[in-house]
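A.B. asks: Take a look at this one; I'll ask things after.
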Amino acid sequence: MAFEGLAERLQGTLDKIRGKGKVTEADVKEMMREVRLALLEADVNFKVVKQFVNRVKERAVGQEVMKSLTPGQQVIKVVNDELKELMGGEQSKINVADKPPTVVMMVGLQGAGKTTTTAKLANHLRKDHNRKPLLVGADVYRPAAIDQLETLGKQLDMPVFSLGTEANPVDIAKQAMEEAKANHNDYVIIDTAGRLHVDEELMEELENIKAVTEPEEVLLVVDAMTGQDAVNVADSFNNQLDLSGVVMTKLDGDTRGGAAISIKAVTDTPIKFAGMGEKIDALEPFHPDRMASRILG
Ligand code: GDP
């Protein structure tokens with residue numbers, strides 16, 4: 001499970017302060033020294049760790065808590081609150097266009113889980129929001145990506161629009177919009193092409209698709225297992241495409257969790273969903289508070 005090592009270390013550290021009736025500045029300092037190391041070891045971005053530690057210290061040592069020699073529980077609450085804030089604070093929900101269809105562009109590098117997540121998201125929208133999505137296969141580069149999406153569409157009994165691998169992705173997107181209007185689909189979820197690395201050609205294509213479809217959501221799919229690389233990828237995509245959200249996949253794996261904790265702070269883009277397995281229903285809305293509680297116990 002994700003965050004296992006981090007959770008264990010942080011819980012051990014916090015346990016030492018939990019029962020204290022009085023918390024001194026030295027106690028907080030010692031605790032935060034350990035918290036800092038635990039976060040760094042979990043591959044959280046070092047700047048993010050620094051800011052986090054400073055914020056907690058300020059609040060825990062500041063008037064708010066120390067004036068009345070506050071018990072350990074209160075210090076732990078500060079850590080919990082700040083961890084939740086770090087991961088985005090309130091839950092960020094998926095956007096809905098004023099006028100349907102709502103277009104969602106799924107972007108990301110190959111292997112991150114983009115195609116799988118496209119189908120998972122459609123399933124979630126139908127199951128939990130009573131929507132009628134159209135899936136669009138516009139990943140014309142990865143061999144079998146379109147076939148994979150079509151298979152998933154069949155499994156879900158949901159329409160998939162595609163024009164094969166010879167068509168231009170911008171044309172596919174344009175025609176998909178017409179198809180959605182004709183069939184009254186209220187969401188259009190476009191599985192765009194990924195590459196092995198971020199490159200100009202990819203970004204240009206994505207910008208063009210964005211220009212013709214005017215998406216309400218540009219969701220970057222990143223693999224939590226890739227750690228700080230995921231954060232760097234998010235930074236590049238965000239600079240080019242102005243992302244509206246991130247889907248962090250493979251949080252069911254034994255990732256240390258650094259990417260999930262850092263990505264909002266580094267890119268100012270919230271995680272909207274978490275991929276929790278390979279199955280089609282293994283996608284969950286991302287709740288920063290629940291995630292913080294899971295880490296801190
Ligand atoms: P794409 O190249 O980004 O379209 O990647 P795919 O959708 O084909 O996914 C790559 C692999 O990751 C597949 O084997 C998926 O089953 C797997 N995968 C996707 N999301 C998750 C997830 O949340 N958890 C796990 N364990 N595997 C996932």
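A.B. asks: At a temperature of 10 °C and a viscosity of 1.306 mPa s, determine how fast the chain diffuses translationally according to Stokes-Einstein, using the Kirkwood radius over alpha-carbon pairs as Rh; express D in µm²/s, rounded to the nearest whole number.
C.D. replies: In µm²/s, the coefficient is 79.
A.B. asks: Cα atoms only, segment 107-234: Rg and Dmax in Å?
C.D. replies: Reported Rg and Dmax, both Å: 13.9, 43.
A.B. asks: Same structure, new question: State the volume of the convex hull built on the alpha-carbon positions of segment 144-188, expressed per residue in Å³ and rounded to an integer.
C.D. replies: Expressed per residue, the convex hull around the Cα atoms of segment 144-188 is 69 Å³.
A.B. asks: Let me ask something else about it. What is the order of 136, 53, 231, fewest Cβ neighbours within 10 Å to most?
C.D. replies: Ordered from fewest to most neighbouring Cβ atoms within 10 Å, 136, 53, 231 come out as 53, 231, 136.
A.B. asks: Among 210, 279, which comes first, second and so on when ranked by fewest other beta-carbon atoms within 10 Å?
C.D. replies: 279, 210
A.B. asks: Using the Cα atoms of segment 155-297, I'd like the radius of gyration and the largest Cα-Cα distance, Dmax, both in angstrom.
C.D. replies: Both quantities, over Cα of segment 155-297: 16.4, 51 Å.
A.B. asks: Set the Förster distance to 22 Å, then compute FRET efficiency between residue 33 and residue 228 from the Cβ-Cβ distance, nearest 0.05.
C.D. replies: Result of the calculation: an efficiency of 0.50.
A.B. asks: Moving to a separate point now. Excluding the sites themselves, what is the longest stretch of the chain that contains no GluC sites (Glu not before Pro) in a DSSP loop with at most 14 other C-beta atoms within 10 Å?
C.D. replies: Here the longest segment lacking exposed loop sites spans 167-277.
A.B. asks: Let me know the whole percent of all Cα-Cα pairs from segment 21-150 that are separated by more than 26 Å.
C.D. replies: When every Cα pair of segment 21-150 is considered, 51 percent fall beyond 26 Å.
A.B. asks: Among DSSP bridges having both ends in the chain, what percentage is antiparallel? Round to the nearest 5.
C.D. replies: The answer is about 10 percent antiparallel.
A.B. asks: Sticking with this one: Between residue 155 and residue 11, what is the FRET efficiency for a Förster distance of 51 Å, r being their Cβ-Cβ separation, to the nearest 0.05?
C.D. replies: The pair residue 155/residue 11 has a calculated efficiency of 0.80.
A.B. asks: Please give the length that would be gained between residue 199 and residue 235 if that part of the chain were fully extended, namely 0.36 nm times their separation in residues minus their C-alpha to C-alpha distance (nm, one decimal).
C.D. replies: Length gained, residue 199 through residue 235: 11.6 nm.
A.B. asks: Can you give the calculated 222 nm mean residue ellipticity of the chain, where each DSSP H run of n ≥ 4 adds -39,500 (n - 2.57) and the sum is split over every residue, rounded to the nearest 500 deg cm²/dmol?
C.D. replies: Result for the chain: -17000 deg cm²/dmol, rounded to the nearest 500.
A.B. asks: Take the alpha carbon gyration tensor of segment 186-268, find the square roots of its eigenvalues, order them as a ≥ b ≥ c, and report rounded if a/c is under 1.5; if not, report prolate when a/b exceeds b/c, else oblate.
C.D. replies: Here segment 186-268 falls in the prolate category.
A.B. asks: Starting from 0.36 nm per residue, how many nanometres of slack lie between residue 183 and residue 91 once their C-alpha separation is accounted for?
C.D. replies: Computed gain between residue 183 and residue 91 is 30.0 nm.
Each value in this text was obtained by applying a stated rule to the coordinates, not by laboratory testing. Source: prediction; values computed, not measured. All Cβ positions, glycine included, derive from the backbone under ideal geometry; neighbour counts span all protein chains shown.
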